[in-house]
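Okay, so here's the structure we're looking at.
The values are calculated or read from the model by the stated rules, or taken from the named source; none is laboratory data. Predicted model, so just to flag it, every value in this text is computed and none were measured. Note: ideal-geometry Cβ built from the backbone for every residue, glycine included; neighbour counts use all protein chains shown.
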Number of protein chains: 2
Amino acid sequence: MGVEIERKFLVQNNAWRPQTTHSQPMAQGYVSSSPQHTVRVRVAGEQAYLTLKGPVYGVSRAEFEYEVPVAEARQMLGLFCQGRRLEKVRHRVVVGRHTWEIDEFSGENQGLIVAEIELSAPDEDFERPEWLGEEVSGQARYYNSQLVAHPYSGWSEGEASGEGA
Amino acid sequence: MGVEIERKFLVQNNAWRPQTTHSQPMAQGYVSSSPQHTVRVRVAGEQAYLTLKGPVYGVSRAEFEYEVPVAEARQMLGLFCQGRRLEKVRHRVVVGRHTWEIDEFSGENQGLIVAEIELSAPDEDFERPEWLGEEVSGQARYYNSQLVAHPYSGWSEGEASGEGA
C-alpha cells in the first residue's frame, strides 16, 4: 500500500503553460466510488492502471495501484464505468524541487484546470508559483470521482469559484 | 478479458471427499458489488488476486483477474471489505475430463458446500458424479458476493434446500 499525500489548487492564469515539460491525455472511469473507497480504471497513453483508494484523511489517502493491459482497461471502461468516465490532459510543470501535475479537463468538465502536488509529509514546504490559485484540497466536488457525476459545466456560478485559466 | 462459463451445484453426500486432490483455504472480500459488477480481493495461500466480474448472463460472466502481493491483498481486505468477507476451503476433485471446485464455507456460511465446474461452452457436456446435487447456477443467493451479506446460517429452512453434506 502506498499513502498518497496530495494538495490540490486552482490555477489563476496561463503562466504555467510555457513551463510544461510533458502532456499526457488520460481517460479514466470509476467502477465504484463511495466516501470509503474508489475503484478507478485509467488509460494514460501506452499504459493503464487499476487503482483502489481509501477514504481521504486530510490530505492523505491509502492507494493501491496495479498496471493492467491497455486493451483490458478499455474493456473495463466500457463494461463497468458507463456514465462515470472523464477525459483530461495531464501536464507536468517543475517548480523548485517539486513537479506539479496540472489537469486540464475536457468534455463536461471543460474549463476546469487544477494543479496537484504530491508531498512526502502533510506539512512539507513547497514553492508557490505565480499561477497558483485557491487551495481546494479536501473539497469533494473537485475529486475526479465526483466530477463524473457532477461535472464542472453544471456547477452554478457561485460554486465555480475558480474559473482558473 | 476472460469469460467465465461456470455451472454450480449443491452436493448431496460426502462421497467426493476421498477423491480430493488438493485443498486450499481462501479468504475473500468484496470492495463493491452490484448486479452489474463485483470487485473481489482473494487470498489463496501464497497468492492473491484482485478480480473484477461483470453481470451474469446465464452461466457466463466477463472476468478480469490480476495477481497482487498477498500483503497488499490483506490490507485491502481490512480497509475496503469490512463486513463483506468470507472464508472457505476450496477442494479439487477430478471427474472425467473436468476438475470440480468444491467450496466448503466456514464462519456464518458453515454447512454450505457447493461444487462448480468451469466449461468452455455453456452447452458443454460433463460427467455427473454420484455426489452431485441440485443445480443452483444463476441463483443469486449462492453468489459469494451475496453470501457475505446474507450468510447461509441466516437462511430459513425453506430456503436452505441443499444442506449438502
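Take the conditions more than 14 Å from chain B (Cβ to nearest Cβ), of a type outside the set (S, T, N, Q), farther than 16 Å from A:Glu116 by Cα and outside any strand (DSSP E or B) and apply them to A:Pro18. Does it pass? Yes: the conditions hold for A:Pro18. From the set of residues in the stretch B:44-63 that are surrounded by 15 or more Cβ atoms within 10 Å (Cβ to Cβ), more than 16 Å from B:Ile5 (Cα to Cα) and without any contact (Cβ under 8 Å) to a residue 40 or more places away in the chain, which is nearest to the other protein chains (Cβ to nearest Cβ)? Ranking the candidates gives B:Leu50 first.
Which residues, taken from the stretch B:33-43, are within 21 Å of B:Arg90 (Cβ to Cβ) and without any contact (Cβ under 8 Å) to a residue 24 or more places away in the chain? The one that is within 21 Å of B:Arg90 (Cβ to Cβ) and without any contact (Cβ under 8 Å) to a residue 24 or more places away in the chain: B:Val39. Listed conditions (1) out of contact with any helix residue (DSSP H, G or I) (no Cβ under 6 Å at 6 or more places or on another chain); (2) closer than 18 Å to B:Gly78 by Cβ are all met by B:Val31, apart from (1).
Scanning the stretch A:80-90 for residues that are buried (at least 21 other Cβ atoms within 10 Å of the Cβ) and more than 16 Å from the chain's Cα centre (by Cα) yields A:Phe80, A:Cys81. Can you name every residue in the stretch A:127-138 that is part of a loop (DSSP other than H, G, I, E, B) and surrounded by 15 or more Cβ atoms within 10 Å (Cβ to Cβ)? Across the stretch A:127-138, the qualifying residues are A:Pro129, A:Trp131, A:Val136, A:Ser137.
Among the residues that make up the stretch A:132-145, is at least one of them of a type in the set (A, V, I, L, M) and closer than 30 Å to B:Thr38 by Cα? Among the residues of the stretch A:132-145, at least one is of a type in the set (A, V, I, L, M) and closer than 30 Å to B:Thr38 by Cα, which makes the answer yes. Residue-level analysis places A:Leu86 outside the set of residues that are of a type in the set (A, V, I, L, M) and within 14 Å of chain B (Cβ to nearest Cβ).
Here A:Gly29 passes the criteria (1) more than 9 Å from chain B (Cβ to nearest Cβ); (2) out of contact with any strand residue (DSSP E or B) (no Cβ under 7 Å at 6 or more places or on another chain); (3) not hydrophobic (A, V, I, L, M, F, W, C) except the one numbered (2).
Which residue is farthest from the other protein chains (Cβ to nearest Cβ), if the candidates are limited to the stretch A:91-104 and must be surrounded by fewer than 16 Cβ atoms within 10 Å (Cβ to Cβ) and among the charged types (D, E, K, R)? So, considering only residues that are surrounded by fewer than 16 Cβ atoms within 10 Å (Cβ to Cβ) and among the charged types (D, E, K, R), the one farthest from the other protein chains (Cβ to nearest Cβ) is A:Arg97. Quick one: A:Val70 ticks every box in (1) within 11 Å of another protein chain (Cβ to nearest Cβ); (2) without any contact (Cβ under 8 Å) to a residue 40 or more places away in the chain except a single one, so which number is it? Evaluating A:Val70 over (1) within 11 Å of another protein chain (Cβ to nearest Cβ); (2) without any contact (Cβ under 8 Å) to a residue 40 or more places away in the chain leaves (1) as the failure. Only a single criterion out of (1) at the interface with chain B (Cβ under 10 Å from one of its Cβ atoms); (2) modelled with pLDDT of 95 or more; (3) surrounded by fewer than 20 Cβ atoms within 10 Å (Cβ to Cβ) is not satisfied by A:Val41, namely (3).
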